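The values are calculated or read from the model by the stated rules, or taken from the named source; none is laboratory data. Nothing here was measured: the structure is a model prediction, and the numbers come from that model. Every residue, glycine among them, receives a Cβ derived from its backbone with ideal geometry; neighbour counts consider all protein chains shown.
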Amino acid sequence: MADDFDTSGRKLTTSKGIDTEELTGRTFPYQFDLTLVEDIDLNEATPGQDINWLEDIHLMQEGGMNAVFDRYTNAFLKIHFDIPEGREDEFARKVLIKHLQEGNSYGIWLKHKHAKFAQPELGSWLAGSQTVGENWKPAQLEGWQPPLH
């Protein structure tokens, strides 16, 4: 990290991390409390009952902390609680599933504006999820006109 200062002398910190807390400016209770995810049944919560995708989800490290990678955000979700030894990947998967089911993935938030085709907002992690992307229109800058040929 590098420190800079704005014109009023306030310290600004620039970071090179790619974690969810940094992108969204938020944390979520299940990042701090093992009891909020320990009862998640991974088989039941898996889209289409195909658990093969979970085999790619592993406990990792981001900034010296335990974390799981959220592909929909392309960022790490830090895990602040102590994970029981030998259950590292299991708890990484449970935290990620909880994150996706609650719609807290930054990538899910972006679907409302940027989904170009109809799809479940929360993917297949939550049955009955609302549909987004049905009426997508490309963004246009106010006052912008296409160039004349």
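Of all residues in the stretch 54-77, which are modelled with pLDDT of 95 or more, crowded, with 18+ Cβ neighbours inside 10 Å and over 25 Å from Pro120 (Cα atoms)? Leu59, Asn66, Ala67, listed by residue number. Condition test on Asn43, is it in a helix (DSSP H, G or I) and either in contact with a helix residue (DSSP H, G or I) (Cβ under 8 Å, 6 or more places away or on another chain) or in contact (Cβ under 8 Å) with a residue 60 or more places away in the chain (or both)? Taking the combined requirement at face value, the residue satisfies it. Here Trp109 clears all of (1) touching a helix residue (DSSP H, G or I) at 6+ places or on another chain (Cβ under 9 Å); (2) in a helix (DSSP H, G or I); (3) modelled with pLDDT of 90 or more except the condition numbered (3). Taking each residue of the stretch 109-123 that is over 18 Å from Thr20 (Cβ atoms) and without any contact (Cβ under 8 Å) to a residue 60 or more places away in the chain and looking for partners that are exposed (fewer than 13 other Cβ atoms within 10 Å of the Cβ) and among the charged types (D, E, K, R) with beta-carbon atoms closer than 7 Å, six or more apart or interchain, yields Ala118/Glu134. The set of residues from the stretch 91-124 being basic (Lys, Arg) and either farther than 21 Å from Val37 by Cα or surrounded by fewer than 15 Cβ atoms within 10 Å (Cβ to Cβ) (or both) comprises Lys111, Lys113, Lys116. Mind listing just one residue for me: the one in the stretch 125-144 that is of a type in the set (S, T, N, Q) and surrounded by fewer than 15 Cβ atoms within 10 Å (Cβ to Cβ) and, of those, nearest to Glu102 (Cα to Cα)? Looking at residues that are of a type in the set (S, T, N, Q) and surrounded by fewer than 15 Cβ atoms within 10 Å (Cβ to Cβ), I get Gln130.
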